[in-house]
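Below is one structure; the comments refer to it alone.
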Amino acid sequence: MEPDHLQRRLEELEVRLAHQEYTQEEQARVQLELQQANAELRRQVQWLRDRLRELEAHSAGPEGDEPPPPHY
């Protein structure tokens, strides 16, 4: 193989490697963002569960214990 051909091939491989490294860094950044968003959503769901339990504890009873409206 010619030295110029080897040099071009080496440069092409270096460019590919640089793109792969960039892609991996970008994927890691996006994954971190998704993990943080997921953690926040889990906190919100837990808060909603706790709030629902509080409301149910302070209500007269489950909704099924209420008589149906008069039009039924």
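The values are calculated or read from the model by the stated rules, or taken from the named source; none is laboratory data. Note that the structure is predicted; figures quoted are calculated from it, not measured. We place every Cβ from the backbone using ideal geometry, glycine too, and count neighbours over all the protein chains shown. To get the accessible areas, we keep the full protein, side chains included, count just its heavy atoms, and leave off ligands, DNA and RNA. Shrake-Rupley method; radii C 1.70, N 1.55, O 1.52, S 1.80 Å.
Under unit Cβ charges (Lys, Arg +1; Asp, Glu -1), what dipole magnitude, rounded to 20 debye, does the chain have relative to its Cα centre?
Here the chain has a charge dipole of around 200 debye.
How far is it, in nm, from the label point at residue 13 to the one at residue 56 when both lie 7 Å from their Cα along the line to the Cβ?
Here the answer is 6.3 nm between the modelled labels.
For the chain, what does -39500 (n - 2.57) per DSSP helix run (n ≥ 4), summed and divided by total residues, give at 222 nm, in deg cm²/dmol to the nearest 500?
-29500 deg cm²/dmol
Working from Cα positions, state the angle (0 to 90°, nearest 10) between the long axis of helix 3-58 and the longest principal axis of the chain.
Helix 3-58 sits roughly 10 degrees off the main axis of the chain.
At 1.4 Å probe radius, can you tell me the per residue accessible area of the chain in Å²?
Per residue, the chain has an accessible area of 102 Å².
Which residue, chosen from 57, 10, 23, occupies the Cα position most advanced towards the positive end of the dipole of the chain, where the dipole is computed from +1 (Lys, Arg) and -1 (Asp, Glu) charges on Cβ about the Cα centre?
Farthest along the dipole direction, towards plus: 57.
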